[in-house]
There are 2 protein chains.
Amino acid sequence: MNAEKVINLGEACIEEALKIVAEQGIEQLSLRDIARRLGVSHQAPYKHYANREHLLAEIVKRCFADFSNHLDSRPESCHPMEDLGNLGHAYLTYALTKPLQYSLMFGSSLPDPGKYPEMMKQARHAFSILKDAITRLDDKKNISEIEINALFVWSTMHGMAGILQNHVAGQLNLSVDLKTVAIPKALDRIRIALEAQIANLA
Amino acid sequence: MNAEKVINLGEACIEEALKIVAEQGIEQLSLRDIARRLGVSHQAPYKHYANREHLLAEIVKRCFADFSNHLDSRPESCHPMEDLGNLGHAYLTYALTKPLQYSLMFGSSLPDPGKYPEMMKQARHAFSILKDAITRLDDKKNISEIEINALFVWSTMHGMAGILQNHVAGQLNLSVDLKTVAIPKALDRIRIALEAQIANLA
DNA sequence: ACAATAAAGTTGACACTGTCAACTTTATTT
DNA sequence: AAATAAAGTTGACAGTGTCAACTTTATTGT
């Protein structure tokens, strides 16, 4: 199927890896399979990635970059709370439309963060987008409050995204539709919590 | 080290599997290694578990049962909101003191839920504990509202737990301590959101 | 009590994996 | 054009899951 010669094997490995993860899950990902599908010897990929984890770290790094781009391209709004809502929406949209990438970033199969600083640099950048949006809610807040709120929002987003795709929720016999009802309501509750807390300080 | 004969190999496999996961992570778990450490042939475990995934499903099932027990043994309280706070505390305590078990249940390495109904039965039971606590907040609410709130609370809990152990947060250069500051504040925000929403309906 | 049967455990094989080492080919540099 | 580095190949090894056939141990029915 991939008879023509591969121009850039390093890039081709990443593309093929994503396909394999999409088709068979991350457990089934093997460098040998990548090589086989690209019509190349089983050792060729090792000339570009020292081992399996290095390849995964590179993929995750790009996922974070792609994720940041997606968050940055949300609709503009000059109302900070509306903007935060847009951000939440963009977050979940990403988790739903690119479940592979999302689970690579936030699933438990993440490569050891300490070993891959470039990967984590991209991760911090994504988090800073959320912090910036929360800062605009109330610029009189100190950095701790902002971080606390950011972690709160991120936790809920992360939790909902996880529930949405981990087919766990599908097995809970819920009477309510997740995407159309539960998620918007949950976003409402985040807004309520943040507004109440801002009012408290005022 | 385990020279004396194993009495119940099925149980011994599970114990040894948990040890291996604790020592080396779930990726390193192999049935052959379990067999070797128990001083038994490499095929012996297969007489008790058809394959690797069946063993994992059995482990996860027990984790959910243990999790439910832990949630049920939280301090009693006749104030529903306080009880929900205790529940949240118990949830996070479990995630922090038994990170292995927690990540087995909620990590991405979960065995296919559809294939293991017994496992999911235990999962539903754990979820029902949360639903019950939320029902007591306002017994005039309909089932949908309760489920929505339960998902909201669960999402935030799940997200925070994930952030707490996924070493992701440790790499974000946060200025605030997670356990002592950020988590209690986040629980506050959950309470605020739920109270505001109950007041709205009243 | 004892033969029949099922369960538990062993041994051997196979295809698959990651990874090391040595080699050949191709591209780059000087 | 020679020297050198990069990219790709081939072969090997230990580890893995799992199938099949076998032996040992327990259970069971009569």
Hey, what does the equivalent ellipsoid look like for chain B, semi-axes from the Cα gyration tensor as sqrt of 5 times each eigenvalue, largest first, whole Å?
37, 20, 14
Ignoring ligands, DNA and RNA, what accessible area per residue does segment B:1-49 give at 1.4 Å, in Å²?
64 Å²
Under the Karplus relation 6.51 cos²θ - 1.76 cosθ + 1.60, θ = phi - 60°, what is the ordered set of whole-Hz ³J(HN,Hα) values for segment B:115-120, x standing for Gly and Pro?
7, 10, x, 4, 4, 6
Just from its helices, what would the mean residue ellipticity at 222 nm be for the protein assembly as shown, if runs of 4 or more DSSP H residues each count -39500 (n - 2.57) and the sum is divided by every residue, rounded to the nearest 500 deg cm²/dmol?
-21500 deg cm²/dmol
In the full protein assembly as shown, how much of A:Trp154 is accessible to a 1.4 Å probe, in Å² to the nearest 10?
20 Å²
Copy-to-copy label separations for B:Pro75, where each label sits 7 Å from Cα toward Cβ, in nm and ascending:
4.6
Output row for B:Ser175: copy-to-copy label distances, label 7 Å along Cα→C-beta, ascending, in nanometres, one decimal, is 4.8
Using the Karplus curve 6.51 cos²θ - 1.76 cosθ + 1.60 with θ = phi - 60°, what ³J(HN,Hα) values do you get for each residue of segment A:86-94, in whole Hz, with x for Gly and Pro?
4, 5, x, 4, 4, 4, 5, 4, 5
Just to confirm the number: angle between the C-alpha axis of helix B:143-165 and the first principal axis of chain B, 0 to 90 degrees, nearest 10?
60 degrees
Quick calc, the protein assembly as shown, dipole around Cα centre from Cβ unit charges on Lys, Arg (+) and Asp, Glu (-), nearest 20 debye, gives 700 debye
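Given a 1.4 angstrom probe, I'd like the percentage of the accessible area of segment A:130-199 that is carbon and sulfur, rounded to a whole number.
51 percent
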Hey, if you put +1 on the Cβ of every Lys and Arg and -1 on every Asp and Glu Cβ in segment B:45-202, which of B:Asn51, B:Val176, B:Tyr116 ends up farthest toward the positive end of that dipole?
B:Asn51
Let me know the shape class of the protein assembly as shown, please: from the alpha-carbon gyration tensor, a ≥ b ≥ c as square roots of the eigenvalues, rounded when a/c is under 1.5, otherwise prolate if a/b is greater than b/c, or oblate.
oblate
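Is there a quick way to get the dipole size of segment A:34-163? I mean about its Cα centre, with the Cβ of Lys and Arg at +1 and of Asp and Glu at -1; what is the value in debye to the nearest 20?
Magnitude of the dipole: close to 700 debye.
What does the structure give for B:185-198 when I average, per residue, the other chain Cβ atoms found within 10 Å of the residue Cβ?
Averaged over the peptide's residues, the number is 6.
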Would you kindly work out, in nm and rounded to one decimal, the distances from the label point of B:Arg136 to those of the same position in each other copy, ordered shortest first, with label points 7 Å along Cα-to-Cβ?
4.2
Between chains A and B, the summed loss of accessible surface on complex formation, probed at 1.4 Å and reported to the nearest 100 square angstrom, is 4300 Å²
Under the Karplus curve 6.51 cos²θ - 1.76 cosθ + 1.60, θ = phi - 60°, whole-Hz ³J(HN,Hα) for segment A:127-142, x wherever Gly or Pro sits:
5, 5, 4, 5, 4, 4, 4, 6, 4, 5, 5, 7, 6, 8, 6, 7
Expected unfolding gain across A:Ala50-A:Ala196 under the 0.36 nm per residue rule, minus the alpha-carbon gap, is 47.5 nm
To the nearest whole number, what is the average tally of beta carbon atoms from other chains within 10 Å of the beta carbons of peptide A:140-153?
5
So what's the gap between the Cα centers of segment B:53-118 and segment A:6-39, to the nearest angstrom?
35 Å
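The values are calculated or read from the model by the stated rules, or taken from the named source; none is laboratory data. Treat the numbers as computed from the prediction; the structure is a model and nothing was measured. Positions of Cβ are generated from backbone atoms using ideal geometry, with glycine treated the same way; all protein chains shown enter the neighbour counts. Heads up: the accessible areas ignore ligands, DNA and RNA and are worked out on the full protein's heavy atoms, side chains in. Shrake-Rupley method; radii C 1.70, N 1.55, O 1.52, S 1.80 Å.
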